[in-house]
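Written out below as structure tokens is the structure these notes cover.
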Amino acid sequence: MDSSRPAASAVALAAPPPQAERASGTPARRQVPGLDGLRGLAALYVVLFHCWLYTFPGYPDSSAPAWLDVLMFGRLAVVFFLVLSGFSLAISPAFHDWRSGGVARFLRRRAWRILPPYWAALAISLVISWALVPASHFGPPTGASVLVYGLVAQDMVHAPTPNGAFWSIGVEAELYVLFPLLLLVRRRFGAVALAASVTLPVVALGLAAAHANPVEGENWLAPHLAPVFVAGVAGAAVVAASERVRRLPWAWLAVLAAAPVVLIGYTRGSVWTVHHYFWVDLAVAPAMTMLIAAVATGQPAVLVRLLSTRPVRALGDFSYSLYLIHLPLVMVVIRRVAPRFVAPGMPTFCFTLALALPVSVLAAWLFSRVFEMPFKRNRSWKSMVADGRSRWSARGARDGGRLPEPQAAEN
């Protein structure tokens, strides 16, 4: 099965939202406790999903033991991360009359935050795919792969993938371009009109398909997934809502909204659920939005405390890097290392968890120090250079050395 297919892949982990800026121009983020923790735990699930997926053949009717079926719903991670992405990006606009602060500025900041680590991960993925293990049954990446994935056009143009998880980066990029328009509709016509404008066309498309169950390909997924992203955008209103709205039992409302979806999926079975993801995506998005709203309003307190613990919060801090680079590492362990030591099936799965999981987390942390955090802390090359100089100077002072004073960056 092609690892680039949406049903067999996990979502591009939504990077943390762009920081609001103070009048002085220095970054100042509106802190919403728990959201980074959600990203961290969800990223960990993505890694487990791919460990399961590439160990046991036959997806979705996998050869894995039934008790591991809980790991098979990578597509639902797509929905969750898109809802979380829409929610996170809309937090600042929710406090500012649903304005983005300028289309060009928003897109530039998103590109600055997302593209450098993505391009670095793309280079690593290409090397691994060419030298060790192809990421697709179409074979190793080609020159077209370099062009298509380098331009983040993989949702519009097909090419052999260098990393089976990258398909959703293209979806996210398209939704980022659409985001200012979504805010405009929200500001002028309201949340209901916004949701209807993107959801009704998708529903109509689904009902018009054979047996009212569209068969999705490998491209052009952004229109279908736009409603779940918009669900998060609309849900972000809770952060700026009245205290009466914020105190609603959002966690219990999320449980009630999820119950019918879970019940249908349980009675019909996991294979049926996978084959009907088109409708499951839309059905589960409201419950996920309410769950995120619950965390954003501090409910339930025990969950928010768990998500705010240092290990979970730290995992969320580099979760984007973890998403970007974990899959090639997992595939190397399963396809190249494990066969030398263990038998297929459960022995390979356990071996992969013991080796690929910690290696992926450590590698992602190191990767983030170089390719993600500098772009997360700074808004331009000049500020990045100044930040690097100040850190180098501080390190020299701690070590008792005498370093030249760094020159001030130009304004």
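Assessment of the range 272-286 against the conditions (among the aromatic types (Phe, Trp, Tyr), outside any loop (DSSP other than H, G, I, E, B) and either under 29 Å from ILE124 (Cα atoms) or out of contact with any Gly (no Cβ under 7 Å at 6 or more places or on another chain) (or both)) yields at least one matching residue.
Filtered by the rule that a residue be surrounded by fewer than 19 Cβ atoms within 10 Å (Cβ to Cβ), in contact with a helix residue (DSSP H, G or I) (Cβ under 8 Å, 6 or more places away or on another chain) and either among the β-branched types (Val, Ile, Thr) or more than 12 Å from LEU107 (Cβ to Cβ) (or both), the range 172-188 gives a lone residue, VAL177. Among residues of the range 118-152 being among the hydroxyl-bearing types (Ser, Thr, Tyr) and within 19 Å of the chain's Cα centre (by Cα), the one that is nearest to LYS376 (Cα to Cα) is TYR118. Just a yes or no: is a residue in the range 251-267 assigned to a helix (DSSP H, G or I) and closer than 18 Å to PRO33 by Cβ? Yes, the range 251-267 has at least one match. Within the range 95-111, residues that are in a helix (DSSP H, G or I) sit with their Cβ atoms under 8 Å from residues that are of a type in the set (Val, Ile, Thr), at 6+ positions apart or across chains, in these pairs: PHE95/VAL239; LEU107/VAL177. In the range 202-233, what count of residues is obtained for those that are assigned to a helix (DSSP H, G or I), among the hydrophobic types (A, V, I, L, M, F, W, C), surrounded by 17 or more Cβ atoms within 10 Å (Cβ to Cβ) and touching a residue at least 60 places away in the same chain (Cβ under 8 Å)? Within the range 202-233, residues that are assigned to a helix (DSSP H, G or I), among the hydrophobic types (A, V, I, L, M, F, W, C), surrounded by 17 or more Cβ atoms within 10 Å (Cβ to Cβ) and touching a residue at least 60 places away in the same chain (Cβ under 8 Å) number 8. Taking the listed residues ALA354, ALA338, the one that is within 21 Å of GLY58 (Cβ to Cβ) and out of contact with any Pro (no Cβ under 6 Å at 6 or more places or on another chain) is ALA338, with no other qualifying. Just to be sure before I move on: is ALA293 closer than 17 Å to GLY34 by Cβ, touching a helix residue (DSSP H, G or I) at 6+ places or on another chain (Cβ under 8 Å) and crowded, with 16+ Cβ neighbours inside 10 Å in the structure I sent? So ALA293 fits the description; yes. For ARG369, all conditions in the list (1) among the charged types (D, E, K, R); (2) in contact with a Pro (Cβ under 7 Å, 6 or more places away or on another chain); (3) in a helix (DSSP H, G or I) hold save one; what is the number of the exception? Against the list (1) among the charged types (D, E, K, R); (2) in contact with a Pro (Cβ under 7 Å, 6 or more places away or on another chain); (3) in a helix (DSSP H, G or I), ARG369 comes up short only on (2).
Residue-wise test of (1) closer than 23 Å to LEU41 by Cα; (2) surrounded by 14 or more Cβ atoms within 10 Å (Cβ to Cβ); (3) basic (Lys, Arg).
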{"position": "ALA301", "(1), (2), (3)": "yes, no, no"}
{"position": "LEU307", "(1), (2), (3)": "yes, yes, no"}
{"position": "ARG313", "(1), (2), (3)": "yes, yes, yes"}
{"position": "TYR320", "(1), (2), (3)": "yes, yes, no"}
{"position": "LEU324", "(1), (2), (3)": "yes, yes, no"}
{"position": "PRO328", "(1), (2), (3)": "yes, yes, no"}
{"position": "VAL333", "(1), (2), (3)": "yes, yes, no"}
{"position": "ALA343", "(1), (2), (3)": "no, no, no"}
{"position": "MET346", "(1), (2), (3)": "no, yes, no"}
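For the range 150-158, the criterion of a residue being among the acidic types (Asp, Glu), under 26 Å from PHE371 (Cβ atoms) and in the same structural domain as ALA226 (by TED's automatic domain parsing) is satisfied by at least one position.
Of the residues GLY86, GLY74, the single one that is modelled with pLDDT under 90 and within 19 Å of the chain's Cα centre (by Cα) is GLY74.
Conditions (1) under 20 Å from LEU71 (Cα atoms); (2) at pLDDT 95 or above, marked per residue:
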{"residue": "SER270", "(1), (2)": "yes, no"}
{"residue": "HIS275", "(1), (2)": "yes, no"}
{"residue": "ASP281", "(1), (2)": "yes, yes"}
{"residue": "PRO286", "(1), (2)": "no, yes"}
{"residue": "MET290", "(1), (2)": "no, yes"}
{"residue": "ALA294", "(1), (2)": "no, yes"}
{"residue": "THR297", "(1), (2)": "no, yes"}
{"residue": "PRO300", "(1), (2)": "no, no"}
{"residue": "LEU306", "(1), (2)": "no, yes"}
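In the set PRO141, PRO162, PRO134, only one residue is closer than 16 Å to ARG336 by Cβ and part of a loop (DSSP other than H, G, I, E, B); that residue is PRO134.
Condition check ((1) under 22 Å from GLY74 (Cβ atoms); (2) within 18 Å of the chain's Cα centre (by Cα); (3) modelled with pLDDT of 95 or more) across all residues:
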{"residue": "PHE341", "(1), (2), (3)": "no, no, yes"}
{"residue": "PHE349", "(1), (2), (3)": "yes, no, yes"}
{"residue": "ASN378", "(1), (2), (3)": "no, no, no"}
{"residue": "SER383", "(1), (2), (3)": "no, no, no"}
{"residue": "GLY388", "(1), (2), (3)": "no, no, no"}
{"residue": "ASN411", "(1), (2), (3)": "no, no, no"}
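The test for being surrounded by fewer than 24 Cβ atoms within 10 Å (Cβ to Cβ), over 19 Å from VAL228 (Cβ atoms) and at pLDDT 95 or above does not hold for ALA121. In the range 75-95 there is at least one residue matching the filter, namely being under 30 Å from SER242 (Cα atoms) and out of contact with any helix residue (DSSP H, G or I) (no Cβ under 7 Å at 6 or more places or on another chain). Among the residues making up the range 27-81, those that are outside any loop (DSSP other than H, G, I, E, B) and among the small types (Gly, Ala, Ser) are ALA28, GLY37, GLY40, ALA42, ALA43, ALA66, GLY74, ALA77. Going by the conditions given, is SER136 of a type outside the set (A, V, I, L, M, F, W, C), in contact with a Ser or Thr (Cβ under 7 Å, 6 or more places away or on another chain) and in contact (Cβ under 8 Å) with a residue 40 or more places away in the chain? Yes, satisfied.
The values are calculated or read from the model by the stated rules, or taken from the named source; none is laboratory data. From a predicted model like this one, the values you see are computed outputs, not experimental measurements. Backbone-built Cβ (ideal geometry, glycine too); neighbour counts: all protein chains shown.
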